[in-house]
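The values are calculated or read from the model by the stated rules, or taken from the named source; none is laboratory data. Keep in mind the model is a prediction, meaning the values are calculated, not measured. Side chains included, ligands, DNA and RNA excluded: accessible areas come from the protein's heavy atoms. Shrake-Rupley method; radii C 1.70, N 1.55, O 1.52, S 1.80 Å.
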Amino acid sequence: MYREIINHYKVYKRFKSNINNARELYESLIPYFNTDFQFWLQYGSLELEGKGGSLELAQNYLLQAESLRPKSVYVKNALASLYYKKSILSSDVSESFNYREQGNAIMHVLLNDKSFDDAYTYHIYCKGNYNYAIEKITEVDEMKKEFLKLKKVIQQGVESHPTNKRLKQISDVINKAYLLTAVSGDYDFPPIITDLE
């Protein structure tokens, strides 16, 4: 029952029209679960979903989760997702690049860890870098290089998780974007859609 109550996906779906109601739910549970990393992970993940969340709050809650369980792959995935979002939203070029590098540093460790192969890690890495490429990179040749790198990573993910529909969808989007860079003119790159968007 506890897992069902704090699951950020279910809470977001229930309260997406008013994220403050979702926050009230989590706030009411703090006295009982403030030493549980999973609670802070879910609360922080709620703030990452959709368009109404606060990245500052997400970072605060995810860092609390990390302090309680520093080796958790799930916390690392969420932190990387946070840094990718911050990289897209930052108007400062240097800051945007640095946030992306923070996300990539976390993801490279996880992607190279042979003891843990998680489809969601491929999803976060490829979506974060794809969005960065289409939003922040202006040179077509640089964009093409990024897509080529992502094609290799997502292919590994699809091979490791052949039944994962999200990875297949991301693979299709990246392949299409790569092909679009061969055409001159305005680019209409397809978005990567997740369940909650």
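So the values come out like this:
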{"item": "Percent RCO, i.e. relative contact order, over the range 1-125, from Cα pairs under 8 Å lying at least 6 residues apart", "result": "17"}
{"item": "Selected from P162, P70, P31 as most flexible by GNM, with the chain as the system and alpha-carbon contacts under 10 Å", "result": "P31"}
{"item": "Probe 1.4 Å, protein heavy atoms only - accessible area per residue of the chain in square angstrom", "result": "57"}
{"item": "Computed accessible area, D117, all protein chains, 1.4 angstrom probe, square angstrom", "result": "80"}
{"item": "The chain: most fluctuating residue of I174, I30, I19 per GNM, C-alpha cutoff 10 Å", "result": "I30"}
{"item": "Accessible surface of K16 - all protein chains present, 1.4 Å probe, nearest 10 Å²", "result": "130"}
{"item": "Accessible-area composition of the range 81-131, carbon plus sulfur, in percent [1.4 Å probe]", "result": "54"}
{"item": "Mean Kyte hydropathy of -1.0 or more with a Cα span along the axis of at least 18 Å, helices from DSSP in the chain", "result": "19-33, 55-68, 73-89, 93-111, 119-136, 140-160, 165-180"}
